[in-house]
Amino acid sequence: MLGEYRIAGRRASEIAASVEAGVGSGALPPGALLPPMRELAGVLGVNPNTVAAAYRTLRERGVIETDGRRGSRVLARPATAPRDALRVAVPAGVRDVQEGNPDVGLLPSLDGALAAAARRAAQAPTLYGEDPVVPQLAELARADLDADGVPAGPLAVTSGALDAIERVLTAHLRPGDAVAIEDPGWGSALDLVAALGLRVLPVAVDDEGPLAGAVERALDEGARALVVTARAQNPTGAAVSGPRARELREVLARRPEVLVIDDDHGHGIVDLPLHSLGGVTRHWVLVRSTAKAYGPDLRLAVLTGDSVTLDRVRGRQRLGPGWVSRLLQYAVIELWTSGAVDRAAVARSYGERRDGLVEALRERGVRAHGRSGMNVWVPVADETAVVTRLLAAGWAVAPGGRFRVESGPGVRVTVSGIGLGEVAFLADALAAAVRPAPGRRFG
């Protein structure tokens, strides 16, 4: 079952450490089946409860997954091997279009916003016991959400979208539970689910978002939560359309117990309407972060949802960081009210480059996807070969392995770092490196 590797230890912590050491060294490869708890307990001469505690620790650390009678296995990508490690080293002189960062030329200066925040804090210093969400920020966020048709609900502020997603998942799920998540999808979210000891049930995606049939299958297989990217999906650029949202809402209406997380990180950089799935099930949230519109270092996201979920999130937050700095909240208020970001202009700028690249590739016989946001997804036959050829041609793209579970291979290209005049050169390089793949879906 484990080949030559022997798990050792007398205490739960020692057994867990032994398994982690095997995973870290490669002696326990992804997918390796661990011995049944009673069997391992007999070999080690310990109580089965000791092995059960060790396995529970490993699940919570994202090292293994347990699937009922199928037993416990090493995760395909343990938390000790994050997807970000698949980044391509960029040699001197090579253009980097792999990182997924916004165009710094479209980000507002934070000087004025932070100075205004400091003045505001000096006039009324923040003390313990105050509302964790600045009332003015809550008003601005609620007005934005109302305009997009998001159901009414309480608000919370977290340190970015991933922080919000983690807090929501842990508010409802426990290690071993399954989460339906887009495939290909945001690598950090896939890693997070694994690190929480949750099981990933991949959901196929096309240009209009998750396929309703794939979502239904994941729910039939026991998914207790569904994570959906509303717009600017990473890596494919998908955006949930009106018809697709109706299909998904019909599926979810039959599963009111499912937790639904709408990730709208593209808010502020896209011009497509939001089609939220909020309010269909008993527990839901919609998350909006400021990273793409105002800069990755402005670690702030606003979320709304049902009262039970938000109460759990805010309650647990009080026992940890307490609140997100009011200085950051004041800065976001200043950015919103001063009009520092022209959302329409930002969306148009990304759209021109993204659409231009997709069209240029189409003209060269290469299928690509990018309906919204700053990324273009190109299905390929061999990721390694394509990445290598593009490096030789002067371009560093992101290998699709950072974003995939079961979907077919591809590469992601971030357009925020290129100018309109460079689109044709990049398309030429991609076309020379890629062999067109048939089909319409992402894998």
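General observations
- Eigenvalues of the alpha-carbon gyration tensor of the chain, scaled by 5 and square-rooted, set the equivalent ellipsoid semi-axes at 35, 30, 21 angstrom, largest first.
- Inter-label distance for A89 and S13, nm, one decimal - labels placed 7 Å from Cα along Cα-to-Cβ: 3.8 nm
- Put in line by how crowded their Cβ is, counting other Cβ atoms within 10 Å and starting with the fewest, L430, L140 read L140, L430.
- Computed over the chain with a Gaussian network model linking Cα atoms closer than 10 Å, the most mobile of V203, V376, V97 is V97.
- If you look at the Cα atoms of segment 174-261, you get an Rg and a Dmax of 12.0, 34 Å.
- Reported to the nearest whole Å, the Cα centre-to-centre distance from segment 327-396 to segment 91-135 is 22.
- In this label model, S25 and E363 are separated by 5.7 nm, measuring between points 7 Å along each Cα→Cβ vector.
- Extending 7 Å from the Cα toward the beta-carbon at both N101 and D297 defines two label points whose distance is 1.1 nm.
- Assigned charges on the beta-carbon of Lys, Arg, Asp, Glu; segment 12-74 dipole about Cα centre (debye): 180 debye
- Unit charges on C-beta of K, R, D, E only; dipole of segment 201-289, Debye: 280 debye
- DSSP finds beta bridges in the chain, and of those with both partners inside it, around 50 percent are antiparallel.
- Working from Cα pairs under 8 Å separated by at least six residues, relative contact order for the chain is 19 percent.
- Rounded to 0.05, the FRET efficiency of the A393 and L127 pair, given R0 = 51 Å and the Cβ-Cβ distance, is 0.35.
- Remark on V200: its backbone amide H falls under 5 Å from those of V179, a criterion applied only to residues 5 or more positions apart or on other chains, H modelled at 1.01 Å from N.
- Each 5 Å bin, from zero up to the one with the longest distance, holds this percent of the alpha carbon pairs of segment 111-338: 1, 7, 15, 19, 20, 16, 10, 6, 3, 1, 0, 0.
- Whether segment 296-443 is rounded, prolate or oblate, judged on the alpha carbon gyration tensor where a/c under 1.5 counts as rounded: prolate
- Length-normalised contact order of segment 12-74 in % [C-alpha pairs under 8 Å, at least 6 apart]: 42 percent
- Qualifying GluC sites (Glu not before Pro) for segment 229-278 [loop in DSSP, other Cβ within 10 Å: at most 13]: E257
- Available extension along the chain between D146 and T384 is 81.2 nm, counting 0.36 nm per residue and deducting the alpha carbon span.
- Each residue of segment 295-303 was assigned a 3J(HN,Hα) from its phi angle through the Karplus curve 6.51 cos²θ - 1.76 cosθ + 1.60 (θ = phi - 60°); the sequence is x, x, 7, 8, 7, 8, 9, 10, 10 Hz, with glycine and proline shown as x.
- Mean residue ellipticity (222 nm) of the chain, computed from DSSP H runs ≥ 4 via -39,500 (n - 2.57), nearest 500: -12000 deg cm²/dmol
- The GNM of the chain, with springs linking C-alpha atoms under 10 angstrom apart, assigns the highest mean-square fluctuation among R69, R343, R231 to R69.
- When the Cα gyration tensor is reduced to axis lengths a ≥ b ≥ c, the ratio a/c stays below 1.5 for segment 1-79, which is therefore classed as rounded.
Bear in mind these aren't lab numbers, they're just calculated from the coordinates by the rules spelled out. Since the model is a prediction, treat every value here as computed from it, not as a measurement. Because the Cβ atoms are built from the backbone with ideal geometry, glycine has one as well, and the counts that use them run over all protein chains shown.
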